[in-house]
Amino acid sequence: MEASEKIAVVEKYVRAFAESDMSIIEDIFAEDAVVHDPVGSEPHVGIDAVMGFYRRTVPGPATLELTGPVRCAGNSAAFPFIVVAGDLRIEIIDVFEFNEAGKVAAMRAYWSM
């Protein structure tokens, strides 16, 4: 998977939040995806659990603004961003790990209040 393809997935992820479009989220994650958000919390395992997590955490439009370039290495992409939802503002670094089909197999979100 080329860096440009990984960056395109990150851009789709950002768009999913702006448009509150959970079908985009479902499209980019693998059926057996594992999401750690934030790292250290109980992981969400499998697409049903991942979608349940996103449906609970993205009830309305949120703004994700990349604050630096997407960095790609191996089968991963890391990207810093700020999420703004109402009065909530959190600085985050996400790391996507991709499977051979180009789907996000694992996501780790590094943030804390």
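The values are calculated or read from the model by the stated rules, or taken from the named source; none is laboratory data. This one's a predicted model, so the numbers in the text were calculated from it and none came from an experiment. Positions of Cβ are generated from backbone atoms using ideal geometry, with glycine treated the same way; all protein chains shown enter the neighbour counts.
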State which residue pairs qualify: first residue under 27 Å from Glu100 (Cβ atoms) and inside region 74-89, second residue small (Gly, Ala, Ser) and buried (at least 16 other Cβ atoms within 10 Å of the Cβ) in any location, beta carbons under 9 Å apart, and separation of 6 or more residues or different chains. Asn75/Ala105; Ser76/Ala106
When you scan region 46-54, do you find a residue that is surrounded by 13 or more Cβ atoms within 10 Å (Cβ to Cβ) and touching a Gly at 6+ places or on another chain (Cβ under 8 Å), even just one? no
From the options Leu64, Leu88, residue that is at pLDDT below 95 and exposed (fewer than 13 other Cβ atoms within 10 Å of the Cβ): Leu88
Need the failing condition index for Val35 against (1) surrounded by fewer than 16 Cβ atoms within 10 Å (Cβ to Cβ); (2) closer than 23 Å to Ser4 by Cα, just the number. (1)
